[in-house]
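Notes for the one structure printed next.
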Amino acid sequence: MSDRLRPRWHILVFLAPAVLVYTAVMIFPLFNTLRLSLFTEVEQERVFVGLQNFRTLFGDAIWSEQFWNALGNNFWFFFIHMVVQNPIGVILAAILSHPRLRFAHLYRSAIFIPTILSFVIVGFAWKLILSPIWGIAPSLLDAVGLKSLFAPWLGKEEYALTTLALISVWQFVGIPMMLIYAALLSIPEEILEAGECDGITGMSAFWKIKLPLILPSIGIISILTFVGNFNAFDLIYAAQGALAGPDFSTDILGTFLYRTFFGFQLQLGDPHMGSAIATAMFVIILIGVCIYLFGIQTRLRRYQF
Amino acid sequence: MNKARRNPLNTAAAHLILLTYTVIALFPVFVILINSFKTRKAIFREPLALPSAETFSTIGYETVFKQGDFFLYFQNSMIVTVCSLFFILLFGAMAAFALAEYRFRGNTLMGLYLALGIMIPIRIGTVAILEMMVATGLVNTLLALILVYTAQGLPLAVFILSEFMKQVSDDLKNAGRIDGLSEYTIFFRLVLPLVRPAMATVAVFNMIPIWNDLWFPLILAPAEATKTLTLGSQVFIGQFVTDWNAVLSALSMAILPVLILYVIFSRQLIRGITSGAVK
């Protein structure tokens, strides 16, 4: 009880550094960015303009076309991740989690290697491999008799974004694999054995017992992917540059924000329009996180073993 | 284990799938590495062949060492990563201890406040961060990067570490208190050593994204003296696009440090992920 009366300075000392750094470098700039989106610069003075920037962003033909293009591309980028990355991750994890599979740790470590590489390496490495000049991709396709399928994928408007999304999937498949692997390992043996007694084995054991039990993990992976995709930037920048070519077909919100904020070629950088785009990204991510927290997570049943 | 879930055909199929995917995962890295040691002609004539006595060449690496200051970039990346990890762990553990150990008004609220940053990416605030760094004169310093990465890493660190700190036995801490140890001594001498595995997990989780980040070095510290390895190789490769030897060598040099770190820490990393630290 005497604790209550004495001022407990040590709590403050323990909390202060983290709270100060976090508030000053993360929370304050975040809200300051939201605030800056309501201003603009007139003759080197910062003027309050209310929602004018957003009216430009959504109303002005040049801006809104770019914005919706970037947003649409971003959704496609996310969609590819969801339909390719998660199933591959689940399949790999399901195979790896088989008891007594030999070399499991070797496979696991090897498949995780792309995840630790930087976007710069990944972007350039794939750019070289897919390059028609070098000819690795065409000659590989030739080896399996599919040479006619080859196209300079990163250079064609209709394929470039999907190709980049698949490269990103290639890089990050290790994360869903690991998380689902962990979830599968935590399923107690008794449950699977009980299923076996009822004649549920093999594939049906996976669909009927394991999959429902790992749904919460798939939910977490989905929201992590969503947040990651909607502030992605590095891969597109490394592979296609700030202009997100060809002809903006790979432009996503991150590259759009970068171009607006810093300018490119003849257009000058505009921090206030940049803030407006950042605010839009903030709202989109917030909506996604809320849908997950209130719409999905609460409905997924969690089992305690 | 019973037979129903094991048969040789399944095992072979399992290995086949895993092997195929392993090849897909490693192939690009392998191609880059072998070609960085070949002559320009050999790179194009036989891209998939290993370097032989005739085709072996280190001309690419020579260009990289002559043109780019990769040791400086490496050193910058090292300083930024190590300092950021140090502050994330120290400040994160201190805050986690305060939240896990003491009951005070606003405890839950403070926990929620710190957890906000887990889901919201710090990049959203870039415009204001740059403005702040310009105002404080921190642009083009490594300190700016260290501050940003520390702030970025703290939320998850506090979250994970406080879960672990709650498991440290109260008896131990109370015994320390009876012996007259101060709260600080209890934290540094008794609690910290016990949560070392969790600290390692947090460190490994944060290490890779910090080392690989391109966005903040590009925006906050693009000067030659403060380039990190990721930004340095990006700029270098951009300048030497047509010099394939140099590009491949630069890529290999950027891959190697991460690969070495991974070999050292992969067990820690995989154990961290699979132990459910991120549930």
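Every number in this text was worked out from the coordinates using simple rules, so none of it is lab data. Bear in mind that the values here come from a model prediction, so they are computed numbers and not experimental data. Using ideal geometry, Cβ is built from the backbone for each residue, glycine included, and neighbour counts are taken over all protein chains shown.
Extents of the protein assembly as shown, taken as max minus min of Cα coordinates on every principal axis and listed largest first, are 81, 79, 49 Å. Projecting the Cα positions of B:Met253, A:Pro152, B:Val204 onto the charge dipole of the protein assembly as shown (unit charges on Cβ atoms of Lys, Arg, Asp and Glu, taken about the Cα centre) puts B:Val204 furthest along the positive direction. Sorted ascending by nearby beta carbons within 10 Å, beginning with the fewest, A:Asp234, A:Asp142, B:Asp243 become A:Asp142, B:Asp243, A:Asp234.
Viscosity 1.567 mPa s, temperature 4 °C: give me the Stokes-Einstein translational D for region B:3-62 in µm²/s, with Rh taken as the Kirkwood radius over C-alpha pairs. In µm²/s, the coefficient rounds to 94. Put in order of Cβ neighbour count within 10 Å, fewest first, the listed residues A:Trp126, B:Trp211, A:Trp68 become A:Trp68, B:Trp211, A:Trp126. Mean per-residue shielding of peptide A:103-111 is 5, counting Cβ atoms of other chains within 10 Å of each Cβ. Phi angles of region B:198-209 translate, via the Karplus equation with coefficients 6.51, -1.76, 1.60 and θ = phi - 60°, into HN-Hα couplings of 5, 4, 4, 4, 4, 4, 5, 4, 7, 4, 5, x Hz per residue; Gly and Pro are given as x. For region B:134-152, backbone nitrogen atoms closer than 16 Å to the point 7 Å from B:Gln75 Cα along Cα-to-C-beta are found at B:141-143.
Length gained on full extension, A:Cys197 to A:Thr298, computed as 0.36 nm times the residue gap minus the Cα-Cα distance: 33.2 nm. Backbone phi angles across region B:244-254, fed through the Karplus curve with coefficients 6.51, -1.76 and 1.60 (θ = phi - 60°), yield HN-Hα couplings of 4, 4, 5, 4, 4, 5, 4, 4, 4, 5, 7 Hz in residue order; Gly and Pro are listed as x.
A Förster radius of 51 Å combined with the Cβ-Cβ distance from B:Phe27 to B:Leu143 puts the calculated FRET efficiency at roughly 0.80. Treating each Cα of region B:152-279 as one equal point scatterer and applying the Debye formula with no solvent, the log10 of I(q)/I(0) at q = 0.10, 0.11 Å⁻¹ comes out as -0.51, -0.59.
Residue order for A:Met178, A:Met82, fewest other beta carbons within 10 angstrom first, comes to A:Met82, A:Met178. Rg and Dmax, both from the Cα atoms of chain B and both in Å, are 23.9, 76. When the expected Rg is taken as 2.2 N^0.38 Å, what fraction or multiple of it is the alpha-carbon Rg of region B:205-279? In units of the globular-protein estimate, region B:205-279 measures up at 1.34.
The mean count of C-beta atoms from other chains within 10 Å of the C-beta of residues in B:14-25, rounded to a whole number, is 6. Each residue of region B:153-167 was assigned a 3J(HN,Hα) from its phi angle through the Karplus curve 6.51 cos²θ - 1.76 cosθ + 1.60 (θ = phi - 60°); the sequence is x, 4, x, 5, 4, 4, 4, 5, 5, 5, 4, 6, 5, 5, 8 Hz, with glycine and proline shown as x.
Per residue, the convex hull around the alpha carbon atoms of region A:176-305 comes to 133 Å³. Is region A:68-296 best put as rounded, prolate or oblate by its Cα gyration tensor, with a ≥ b ≥ c the root eigenvalues, rounded for a/c under 1.5, and otherwise prolate when a/b is larger than b/c, oblate when not? Here region A:68-296 falls in the oblate category. Within region B:1-130, all pairs of alpha-carbon atoms sorted by distance into 10 Å bins from zero give the percentages 9, 16, 18, 19, 23, 13, 3, 0. If you model region B:46-117 as an ellipsoid using its alpha carbon gyration tensor, with each semi-axis the square root of five times an eigenvalue, the axes come out at 51, 15, 10 Å, biggest first. If R0 is taken as 51 Å, the Cβ-Cβ distance between B:Asp171 and A:Val83 corresponds to a FRET efficiency of 0.50. Amide H to amide H distances under 5 Å link A:Phe39 with A:Val49, where only residues 5 or more positions off or on other chains count and H is placed in the peptide plane. Between B:Lys38 and B:Ser57, the built amide H atoms are under 5 Å apart, and every one of these is 5 or more places off in sequence or on another chain. Using a ≥ b ≥ c from the Cα gyration tensor of region A:1-159 (square roots of the eigenvalues), is it rounded, prolate or oblate, where a/c under 1.5 gives rounded and otherwise the larger of a/b and b/c decides, a/b for prolate? In terms of gyration-tensor shape, oblate.
Amide H contacts for A:Gly263 (H built 1.01 Å from N in the peptide plane; partners 5 or more residues away or on another chain; cut-off under 5 Å): A:Gly269, A:Asp270. For peptide B:188-201, the mean count of partner chain Cβ atoms within 10 Å of a residue's Cβ comes to 0.
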